[in-house]
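We did not get these values from a lab; they are worked out from the coordinates using the rules stated. Bear in mind that the values here come from a model prediction, so they are computed numbers and not experimental data. Reconstructed Cβ throughout: ideal geometry from the backbone, glycine too, with neighbour counts over all protein chains shown.
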Amino acid sequence: MGAIGNFFSDLKVLIGAATTKPPQDNDPGSLGLIAQQNAVSAPNDIALLCEEEILTWQELNVRVNRVAHSLKALGVSRGDCVSLFMQNRIEFVVCLLGINKLGAIAGLINTNLTHKPLVHCINLIESKKCIFGEELTESVSQVLDELNLTRGEDYLWVRDKSANAAPDWAILLDSENAATEASDPPETAQITLGELGYYIFTSGTTGLPKAARVSYKRSLPTGKLSGSALLRITKADRMYNCLPLYHGTGLMVGLMAAFQTGASTVIRRRLSVSAFWDDIRKYQCTSFVYIGEFIRYLMSRPAQDNDHQNPVRAIVGNGLRPDIWMEFKNRFDIERIGEFYGASEGNGGFANVLNKPCTVGMGVAPVKIVAYDVANDEIIRDANGRCIVVEEGEPGLLLIQVTEKSKFEGYTNAKASEDKLISNVIEDGDLYFNSGDLMKTVKVGFAFGQKHYQFVDRIGDTFRWKSENVSTNEVAEIINSFDDIIFTNVYGVEIPGADGKAGMAAVVLREGVSLAELDLQALTEHIAVNLPAYARPLFLRILKELPTTTTHKLQKNELRDQAYHLASVSDDLLVLKPGAPAYVRLDTDFYDQIMARSVAF
């Protein structure tokens, strides 16, 4: 487009954003309504593509309506919660929209969960029904006795490319059954933006996953920002989405962006690095939604002569690190990188609408970057008890102000919501959301006088691995329930060449049990059964005693710094090698492979 063209395009976007009337709680709106409107305005345009299946907007709307009428016949109504536990596929979207169309709340369950975490999530949100995919039948069947649902009434089973019958404790939910009513439900027109549309689970710093309350007033503008300002796509575009749709990035930044611009979406169950660019070319995708980890995976593949020969013009996502930003952009000839920062439960964030390199962009809510003592895990305050705003370019804790335009919708748990808020930050009576992340401002050249920001790191006990947040206390509690272990301290450690931090657990064995007597096979199986793959520690450190601070808090700083480095640790170290059935001792040969970046965890 050229520098002048880009300037006026950016200016138009910023002026449009500044003059657009903010959405009001009582305005009509839902994702189901958008799909319904697209079915009227562009009935024959393609909405979804997945595994050789193609649906137009009209076909999608018909199938969604069948699900909505089926749920209504089973007693689901406005404000009820329906859990949705299914892999990325067209039926996930169909069921999601069917729930939306009745004004019910979709509880989006992480498909990696089993046993205790799965029970916790479904029960926490007081699910009235649970829709689950055939591919996850075993996970649900293992916890039937622990869920607050009735067999034969509350479990709705959705086929996955088979002719199988539903289990005897579930009801078949079939959106392709032509005998089911397919008209637009009258409830859809009554849903307002202020209503809850979703529960999206997020791991906090303590305990099991928390359910973030997500309204349409927050989720739909996020999708609009992604599609119109970051990607700048239209109905002529096609988005590739291989991120889990139970997460905010895949759902709000990806799917909702496509729905609100009328673009079509290619859904893939999960990322395949080897098939990624072949898929992009096959489906002629002009955009995709990403997380930083998989951008790094794509960069790890050997360069090809045709890397730049692809139809992608713009991408949107978060976590793309500065060290590979320009290399990726140039190698694959990407015009726009719409990096953003935000959280499912957050009340604001940042968006790189000006396509500046190595930044999450400008804030969409008032923020402060304040001094933070990472070693002692606490905010630094002045003599008057106020937070100290850091100098430009210095890292600090990100606080997002709670205002009428940037409300904090919180979690289902009131105490968890309260713990995320800080008052009297700069002046009496102010209120801020504690992001738990370190950020800093960066200089990006002329940017209409707006500050741009860059993500630095996460703080506290939660760390991120394989695009998932890992709660250290949850992992520790699971490991502690193994008979031969009495205490566990979990933390994230860096692995060369990998995004995020891998899990490491420092454990104290039950008195009288030595490492030689510890059943490593049984311990490995215990961890695998009770924790999703991303939360399983890759390293174990066998401690003689559990180090604590003077205030009896678990001491993590020294453990985290020493990590799994053989020269720094005198304790026994174990590692779970890729594909291995059990933990084994970490020796110098394998350690050297890790440091040489020749191991792909």
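By the rule of a C-alpha distance below 20 Å, with chain neighbours fewer than 8 residues away ignored, the lysines paired with Lys210 are Lys116, Lys128, Lys129, Lys407, Lys415, Lys420, Lys466.
What number, in percent, do you get for the relative contact order of the stretch 48-187 if the mean sequence gap of Cα pairs under 8 Å and at least 6 apart is divided by its residue count?
Computed value for the stretch 48-187: 28 percent relative contact order.
Averaging over every viewing direction, what projected area does the convex hull of the Cα atoms of the stretch 31-152 cover, in nm²?
It is 7.5 nm².
The stretch 19-50 to the stretch 484-551: how many Å between their Cα centroids? A separation of 47 Å, based on Cα centres.
Once you reduce the stretch 205-260 and the stretch 417-447 to the center of their Cα atoms, the two points are 23 Å from each other. For Lys116, the shell of other residues with beta-carbons less than 14 Å away shows a net charge of -4, using +1 for Lys and Arg and -1 for Asp and Glu.
Of the peptides 139-145, 116-122, the order by per-residue mean of other Cβ atoms within 10 Å, starting with the highest, comes out as 116-122, 139-145. Overall form of the stretch 17-85: oblate. Here a/c, set by the Cα gyration tensor axes a ≥ b ≥ c, is 1.5 or more, and a/b is not larger than b/c. Descending by average beta-carbon neighbour count within 10 Å, the peptides 31-38, 180-187 line up as 31-38, 180-187, the highest first. Going by the alpha-carbon gyration tensor, a ≥ b ≥ c the square roots of its eigenvalues, is the stretch 464-595 rounded (a/c under 1.5) or, if a/c is not under 1.5, prolate (a/b greater than b/c) versus oblate? Since a/c stays below 1.5, the shape of the stretch 464-595 is classed as rounded.
Would you mind putting 246-257, 61-72 in packing order, based on average other-beta-carbon counts within 10 Å, highest first? Can you show the working numbers first?
On the way: 246-257: 26.4, 61-72: 23.7.
Taking the mean over residues of other Cβ atoms within 10 Å, the ranking is 246-257, 61-72.
Were the residues from Glu558 through Ala533 laid out at 0.36 nm apart, the gain over their Cα-Cα distance would be 6.4 nm.
Mean sequence separation of contacting Cα pairs (under 8 Å, at least six apart), scaled by the length of the chain, corresponds to a relative contact order of 10 percent.
First check a/c for the stretch 163-202, with a ≥ b ≥ c the square roots of the eigenvalues of its C-alpha gyration tensor; if it is under 1.5, answer rounded, and if not, answer prolate when a/b is larger than b/c or oblate otherwise. Taking the square roots of the gyration eigenvalues as a ≥ b ≥ c, the stretch 163-202 is oblate. For the pair Ala165 and Glu545 in one chain, pulling the backbone fully straight at 0.36 nm per residue adds 131.5 nm over the alpha carbon distance.
When shorter helices are ignored and each DSSP H run of at least 4 residues is given -39500 (n - 2.57), the per-residue value for the chain at 222 nm works out to -7500 deg cm²/dmol. DSSP beta bridges fully contained in the chain are about 60 percent antiparallel.
Taking every Cα-Cα distance in the chain and sorting them into 20 Å bins starting at zero, the pair-distance distribution P(r) comes out as 19, 53, 27, 1 percent. Relative contact order, whole percent, for the stretch 3-341 stands at 16, derived from Cα pairs under 8 Å and 6 or more residues apart.
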